[in-house]
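The values are calculated or read from the model by the stated rules, or taken from the named source; none is laboratory data. Computed from a prediction, not measured in an experiment: that's the story for all the values here. Ideal geometry is used to build each Cβ from the backbone, glycine not excepted, and the neighbour counts take in all protein chains shown. Remember, those area values only see protein heavy atoms, side chains included, never the ligands or the DNA or RNA. Shrake-Rupley method; radii C 1.70, N 1.55, O 1.52, S 1.80 Å.
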Amino acid sequence: IFMDVSLPDIDGIRLSKKLLEISPDIIIIILSGYMDFTYAQGAVEIGALSYLVKHQMTPERLIDVLHSARETHEK
């Protein structure tokens, strides 16, 4: 799941945590427009695969994260 950290009714970290409680095998990649340590720390704490800051994302970084997601899924 690609999850934006900024959502209308709940932040992406809390929603991701709830989704992982329901289905612990999902892979979550958090997207954010914020370089915010609190959000990044929250992503790590819930076990998100990655925290990507949108304005710093490159095609190469996205491909690396997708490869990591595939490897994690195959395990």
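Worth pointing out:
- Built amide H within the under 5 Å cut-off of Ser50, gap 5+: Ile30
- Taken along the Cα-to-beta-carbon direction at a fixed 7 Å, the label points for Arg70 and Lys18 span 3.3 nm.
- Accessible surface of the chain [probe 1.4 Å, protein heavy atoms]: carbon and sulfur percent: 55 percent
- Over the chain: helical MRE at 222 nm, DSSP H runs n ≥ 4 each giving -39500 (n - 2.57), nearest 500: -15500 deg cm²/dmol
- Under Stokes-Einstein, with the Kirkwood radius over Cα pairs as Rh, the value for the chain at 20 °C and 1.002 mPa s is 171 µm²/s.
- Accessible area per residue in Å² at 1.4 Å probe, computed on the chain: 70 Å²
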